[in-house]
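Written out below as structure tokens is the structure these notes cover.
The values are calculated or read from the model by the stated rules, or taken from the named source; none is laboratory data. What you are looking at is a predicted structure, and each value in this text was computed from that prediction instead of being measured. As a convention, Cβ positions derive from the backbone with ideal geometry for all residues, glycine included, and neighbour counts pool all protein chains shown.
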Ligand SMILES: [Zn+2]
């Protein structure tokens, strides 16, 4: 970022800004130039993007197709383990840099906004973290992605969901068992404010889809009339 480059690299301000928005591309490690944030333009051009048009019938929507009515679905790119493009999400999640999550949210929202994805959406709600994980990490990366989307669209962020319990590691479980485990995990707290008819559920990465579907399920159970759409930064292959 421009301000960072103008400062003496040894100053405290430079170090703080460099931590919030590191001046290297988090994917390839190349030094960012003015105007670039988090991911350089070259890497943005090489992202394995997912075509999300039409918003109501695409690879993400089909992956989540279930008994819960989901209106629109979108994910920015394919998450391949070991790929350099997973690094920015990893940094946002585990690197103590929620500002990176927010910037990635802005980046994807700016693109989707041009496709009218957010038309008719009244509120954004992040997939919640278990409270203990939230305390340990210090933040919920999905909430910061949601705030980045709000920066672009002006749609308010409401935390409607609560993670009632941890469900341990899911990796050894079948897809059905993961879904059964996850669906008992999330609760809807309170009633959406008057005027909220369509809500967007936001997560960082969709793997099996069990987590985001469990959140949609909790919302749908509590408020069957609510229209629900989903957005994730990435989605794994072959899930
Ligand atoms: Zn790069």
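Here are a few things to note about the model shown:
- Any hit, segment 63-77, residues being over 18 Å from residue 200 (Cβ atoms), within 13 Å of the ligand (Cβ to nearest atom) and in contact with a strand residue (DSSP E or B) (Cβ under 7 Å, 6 or more places away or on another chain): no
- Meets criteria (out of contact with any strand residue (DSSP E or B) (no Cβ under 8 Å at 6 or more places or on another chain), surrounded by fewer than 16 Cβ atoms within 10 Å (Cβ to Cβ), under 14 Å from residue 234 (Cβ atoms) and at pLDDT below 95) for residue 82: yes
- Unmet criterion (only one of (1) near the ligand (Cβ under 9 Å from one of its atoms); (2) surrounded by fewer than 20 Cβ atoms within 10 Å (Cβ to Cβ); (3) within 20 Å of residue 237 (Cβ to Cβ)) for residue 41: (3)
- The helices (runs of 4 or more DSSP H) found entirely in segment 130-228 that carry 3 or more residues being modelled with pLDDT of 90 or more and in the same structural domain as residue 76 (by TED's automatic domain parsing) are 131-137, 141-153, 210-222.
- Yes/no for residue 32 being in contact (Cβ under 8 Å) with a residue 60 or more places away in the chain and crowded, with 19+ Cβ neighbours inside 10 Å: no
- Just one of the listed residues (65, 75) is assigned by TED's automatic domain parsing to the domain that holds residue 144 and without any contact (Cβ under 8 Å) to a residue 40 or more places away in the chain, namely 65.
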